[in-house]
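Structure first, commentary second.
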Amino acid sequence: MVLVRRGNVAAEWRARRAGTLAPTLLLASSLVSSSAEAHERFVKHRLKTPLHDEFFLQGPGLMGIHPDLLRIATTVFTILVALMLLWYLREPIGETVERRIVRRLGGGAQQIVHQLAGFLTDKPVRARWFQVLREWCVILFLRSPGLVLMYSATNDSLVMPSYPLDPASAEIFKFIQVGLAILILTQTALPLCGAMIIGTWIYLFRWGWMVAIDAMPVLTVAVVYVTSPWQSHKLAIIDINEKQMRWLRLTLGVGFWALGWLKLYNHDLIAGVADSFPNIMNDPMVRLLKMGTSPGWPRETWVAAFGLAEVMTGFFVVVGIFSRVWTLIMAFVFTKLMLVDFGWHEIPHIYPIAALLAVMSSNKLTSEFERIERIEERLGRSGKSLKQALTILGASVIVAFLVVFPMLYATTFLDRSKL
Amino acid sequence: MTFASVRQIVILILLTAGLLFAIDRKMNPRPAEPVPRSTIRLWLDHPSCSGCLTGLEEALSDVPWLEAPKVLEKVPPLEQARQTAGVVNEHRQQVVVAIRDPEKNLKRVDFVALLAALHKAGFSAAQMEFSGLPHYRLEAELAPTCSSPACVESTYKAMGELVLATKPKGWFRWFDSHRVDGVNGALVIYPRMNATVDVTEVLAAVNTLGFEAASLTVHADGAN
């Protein structure tokens, strides 16, 4: 069905986004890459000069990892630990700020700070405007896939413009896509829509595992569809429940996480995008992660920093730590890439933007760290402060280590010769 | 409200995936097989006989960077091709020619020269597909030379519009992007990774833009 041969698609997939913001957002935006996940599919990605493959492979250095790569990984590890510690300490910090500083400012300011603190720490934000925003974001999220499918059908593609259809079968697949888009836009039989999206995603394995991994974000909406009622056409679905939101968050985060590692594995593809759009290399997050690395390897360190930035982002979204902040930053970045950097070809990114906004505006966010938090709170209540501190620190360090280093070490052994 | 059960969802997922695989298998007989290394497939509107093959071999022997041609068998007869939609092209004589020692000779590949050799021997290629390279660009030397900024810009735009206009008709499916090299007076085309390129589409596009291609060469040394 897909015109390009397996190697072609796989190669392409291996071979992919201002104003004044609040200080917190600016800080956070400095912690995320300004490149989005799969934009290399739609935009020019020719590698102008080859990368130094040895940078990503076993060689001299601790555990055979290139010293600059190790340096970037260590920076990511440090940020992971710091933000996890901040997450555990958010309650006492919030209480201190609200009781000792904000109380003096009076009612209005106190309420704003309270809402801002709730927003930043994934607590429910009780404000009318936020509710309206949430409702609108859910509608956009649930219906935008219909627009993307229509766009793909008119561009002779399957799901996304990166999957061109074979002329022999293009028509039938375009009709199937339009049919599915009509169901989605009219919100009819959503469980069927979800099953069809998952089925299509499984079909993508036909064209290689990297293709399917790159398409993982399409599963986020399928998770919500399959858990919606059959009579969905009779309902105005304007909220996503806690269970659905958890699965949405997990799917979205795992997608980012996997794409991050994929960039380290298939480094030429994203380097090719940077060769064609050098401005995307000037990214605050990547600059932060690259700090202290050798200037002699600018493209290699950029690819590594970019990939690990996605791994970090994906991890935070998966575990539900500062989910709103991360998804807001990513939505901002995707929007900028779509409107400013790459233009019309990036229009299908309306869908991931909608998914990110749906998470960002949700009041039903949970964290996978709640069990650890219960343990440390119990220790705190029983007066075992040292044990509490060690639990927090130990958990953060161990988790951060496991997120970064084992996989990084494994990627240095991967054979890229057949890519 | 009725919700879907896990069993229902699993069945629907399997049905969808199965349907897509089935359509794919039925309508796209080409399996996802490895692409041969640097080969040119010629589709000739010409009946098949031993005399023709000898003439073709002689014509292609004048092109030093090509190996001996291989005529593909199992071409459907003309009547069947006429009666069956979609197999008209299949009726054409298909000849596969590999590039001799690609590492050495890739720089010498010139499709215009190859077509000229065919024409000289009385053959005309309806289609000429080039495949087997993962990453390369095609450079069509434009005559008359296009070097002024205005010419470069208008040619670039015209090519973009041409691709957009003809894609829905099945042309340029392999096309990724292009640029006009004003210094060398060339139209540079970047196919998709591992794509099979129909070279005749490129040459027809060059003519449509108002140029003649003095040469059409392959460059695999980096993207730019």
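The values are calculated or read from the model by the stated rules, or taken from the named source; none is laboratory data. Bear in mind the structure is a predicted one, so any value in this text is a computation, not a measurement. Please note: Cβ atoms are built from the backbone with ideal geometry, for glycine as well, and neighbour counts cover all protein chains shown.
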**OP:** Please enumerate the residues belonging to region A:201-243 that are of a type in the set (S, T, N, Q) and more than 19 Å from A:Gly146 (Cβ to Cβ).
**Re:** A:Asn241
Original post:
Applying the selection to region B:169-187, what residues are at pLDDT below 85 and closer than 15 Å to B:Cys151 by Cβ?
Top reply: B:Asp181, B:Gly182, B:Val183, B:Asn184, B:Gly185
Subject >> Failed criterion for B:Met1 (all others in (1) modelled with pLDDT under 75; (2) touching a strand residue (DSSP E or B) at 6+ places or on another chain (Cβ under 6 Å); (3) not assigned by TED's automatic domain parsing to the domain that holds B:Val97 hold) >> reply: (1)
Subject >> Residue, surrounded by the most Cβ atoms within 10 Å (Cβ to Cβ), within region A:362-377, restricted to residues that are in contact with a Lys or Arg (Cβ under 9 Å, 6 or more places away or on another chain) and of a type outside the set (A, V, I, L, M) >> reply: A:Ser362
Original post:
On the given criteria, is B:Ala117 outside any loop (DSSP other than H, G, I, E, B), more than 14 Å from every other protein chain (Cβ to nearest Cβ), under 19 Å from B:Leu66 (Cα atoms) and touching a helix residue (DSSP H, G or I) at 6+ places or on another chain (Cβ under 7 Å)?
Top reply: yes
Original post:
So which residues in region A:194-243 are aromatic (Phe, Trp, Tyr) and at pLDDT below 95?
Top reply: A:Trp201, A:Tyr203, A:Phe205, A:Trp207, A:Trp209
Subject >> Some residue of region B:178-190 being under 27 Å from A:Asp166 (Cα atoms), basic (Lys, Arg), buried (at least 18 other Cβ atoms within 10 Å of the Cβ) and not assigned by TED's automatic domain parsing to the domain that holds B:Lys104 >> reply: no
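Yes or no, residue by residue, for (1) in contact with a helix residue (DSSP H, G or I) (Cβ under 6 Å, 6 or more places away or on another chain); (2) over 23 Å from A:Lys336 (Cα atoms); (3) crowded, with 24+ Cβ neighbours inside 10 Å:
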site	(1), (2), (3)
A:Pro278	no, no, no
A:Met281	yes, no, no
A:Pro284	no, no, no
A:Met291	no, yes, no
A:Pro295	no, yes, no
A:Arg299	yes, no, no
A:Ala305	yes, no, yes
Original post:
Inside region B:135-163, can you point out the residues that are away from every other protein chain (no Cβ under 14 Å), assigned to a helix (DSSP H, G or I) and not polar (S, T, N, Q)?
Top reply: B:Pro149, B:Ala150, B:Cys151, B:Val152, B:Glu153, B:Lys157, B:Ala158, B:Met159, B:Glu161, B:Leu162
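Yes or no, residue by residue, for (1) of a type outside the set (S, T, N, Q); (2) outside any loop (DSSP other than H, G, I, E, B); (3) farther than 26 Å from A:Pro50 by Cβ; (4) more than 10 Å from every other protein chain (Cβ to nearest Cβ):
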site: B:Pro168; (1), (2), (3), (4): yes, yes, yes, no
site: B:Ser177; (1), (2), (3), (4): no, yes, no, no
site: B:Asn184; (1), (2), (3), (4): no, no, no, yes
site: B:Asn207; (1), (2), (3), (4): no, yes, yes, yes
**OP:** Residues being more than 7 Å from chain A (Cβ to nearest Cβ) and either surrounded by 15 or more Cβ atoms within 10 Å (Cβ to Cβ) or touching a helix residue (DSSP H, G or I) at 6+ places or on another chain (Cβ under 6 Å) (or both): count how many of those fall in region B:10-26.
**Re:** 1
**OP:** Return a yes/no flag: does region A:273-296 have any residue that is under 19 Å from the mean Cα position of the chain (by Cα) and within 14 Å of chain B (Cβ to nearest Cβ).
**Re:** yes
**OP:** Quick one: count up the residues across region A:192-216 that are outside any helix (DSSP H, G or I), surrounded by fewer than 22 Cβ atoms within 10 Å (Cβ to Cβ) and more than 12 Å from chain B (Cβ to nearest Cβ).
**Re:** 1
Original post:
Of all residues in region A:224-269 being within 14 Å of another protein chain (Cβ to nearest Cβ) and among the basic types (Lys, Arg), which is farthest from A:Leu185 (Cα to Cα)?
Top reply: A:Lys243
Original post:
Just checking, which of A:Glu373, A:Glu310 is at pLDDT below 95 and either more than 16 Å from the chain's Cα centre (by Cα) or among the aliphatic types (A, V, I, L, M) (or both)?
Top reply: A:Glu373
**OP:** Tally the residues that are away from chain A (no Cβ under 14 Å) and farther than 21 Å from B:Thr39 by Cβ, restricting the search to region B:186-205.
**Re:** 4
**OP:** Could you tell me whether A:Glu377 is out of contact with any His (no Cβ under 8 Å at 6 or more places or on another chain) and among the charged types (D, E, K, R)?
**Re:** yes
Subject >> Selection count, region A:378-410, where residues are among the small types (Gly, Ala, Ser), closer than 30 Å to A:Phe55 by Cβ and crowded, with 17+ Cβ neighbours inside 10 Å >> reply: 2
Original post:
Of the residues that sit in region A:143-190 and are aromatic (Phe, Trp, Tyr) and crowded, with 21+ Cβ neighbours inside 10 Å, which one is nearest to the other protein chains (Cβ to nearest Cβ)?
Top reply: A:Phe173
Original post:
So B:Ala213 clears everything in (1) within 20 Å of the chain's Cα centre (by Cα); (2) over 25 Å from B:Gln94 (Cα atoms) except one condition, right? Which one?
Top reply: (2)
Original post:
Among (1) in a helix (DSSP H, G or I); (2) surrounded by fewer than 20 Cβ atoms within 10 Å (Cβ to Cβ), which single condition is A:Asp239 missing?
Top reply: (1)
Subject >> Evaluation of A:Thr220 against (1) more than 10 Å from chain B (Cβ to nearest Cβ); (2) surrounded by 23 or more Cβ atoms within 10 Å (Cβ to Cβ); (3) more than 18 Å from A:Leu356 (Cβ to Cβ) (one fails), failing number >> reply: (3)
